[in-house]
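FYI, it's all coordinate maths here, none of it is from the lab. Keep in mind that what you see is a predicted model, and the values were worked out from it rather than measured. Every residue, glycine among them, receives a Cβ derived from its backbone with ideal geometry; neighbour counts consider all protein chains shown.
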Amino acid sequence: MNEAELREIRAWLEKALEDLRSAEWLLQNPYGLYNAVGFHSQQAAEKAIKAYLTWREDPFEKTHSLVALVSQSLRFDGSFEELRDAATELTPYAVTSRYPAELPELSYDEATESLHRARQVWEFVLKRLPQETQPGE
């Protein structure tokens, strides 16, 4: 892996970590911005999986579908099947949570679950990437 590839993988992971931290902060925010928690949770998971695919040197289409990205990752590692439920749950939060009337408002419990799922994806992906790709937390 050359330095440019390493930088790209780290950039995906750093952005994913930023989304995770945003979701964590928003969940504790007193304003009840739970749809935003769902959005950032989905984004964190998406970027983590895209980091994995970048490491595998497998180009991905411009998509917010975690289900599609998990399916693509399965070509390299069958254990990505473990992420299918998280992908299915989080995918709708990519876009629909950003527009009125697309999805009902998320509850605190649903937002908490979306963040849990995003962390699940984050940790799963990090375990499969080489140490030199890991972001400084």
- Message: Of the conditions (1) in a helix (DSSP H, G or I); (2) among the acidic types (Asp, Glu); (3) free of Cβ contacts under 8 Å to residues at least 24 places away in the same chain, ASP58 satisfies every one except a single condition; which number is it?
- Response: (1)
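Out of the residues in segment 20-44 that are aliphatic (A, V, I, L, M) and assigned to a helix (DSSP H, G or I), which is farthest from ASP85 (Cα to Cα)?
In the first step, residues of segment 20-44 are kept if they are aliphatic (A, V, I, L, M); the result is 20, 23, 26-27, 33, 36-37, 44.
With assigned to a helix (DSSP H, G or I) added as a condition, the list becomes 20, 23, 26-27, 36-37, 44.
Details: LEU20: 18, ALA23: 19, LEU26: 23, LEU27: 22, ALA36: 20, VAL37: 18, ALA44: 16 Å.
Here the residue is LEU26.
Only one of LYS47, LYS15 is surrounded by fewer than 21 Cβ atoms within 10 Å (Cβ to Cβ), assigned to a helix (DSSP H, G or I), in contact with a Lys or Arg (Cβ under 8 Å, 6 or more places away or on another chain) and not hydrophobic (A, V, I, L, M, F, W, C); which? Let's see the steps before the verdict.
Values: LYS47 fails: surrounded by fewer than 21 Cβ atoms within 10 Å (Cβ to Cβ).
Exactly one of LYS47, LYS15 is surrounded by fewer than 21 Cβ atoms within 10 Å (Cβ to Cβ), assigned to a helix (DSSP H, G or I), in contact with a Lys or Arg (Cβ under 8 Å, 6 or more places away or on another chain) and not hydrophobic (A, V, I, L, M, F, W, C), namely LYS15.
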- Since THR63 meets every condition but one in (1) within 16 Å of ALA23 (Cα to Cα); (2) in a loop (DSSP other than H, G, I, E, B), which condition does it not meet? (1)
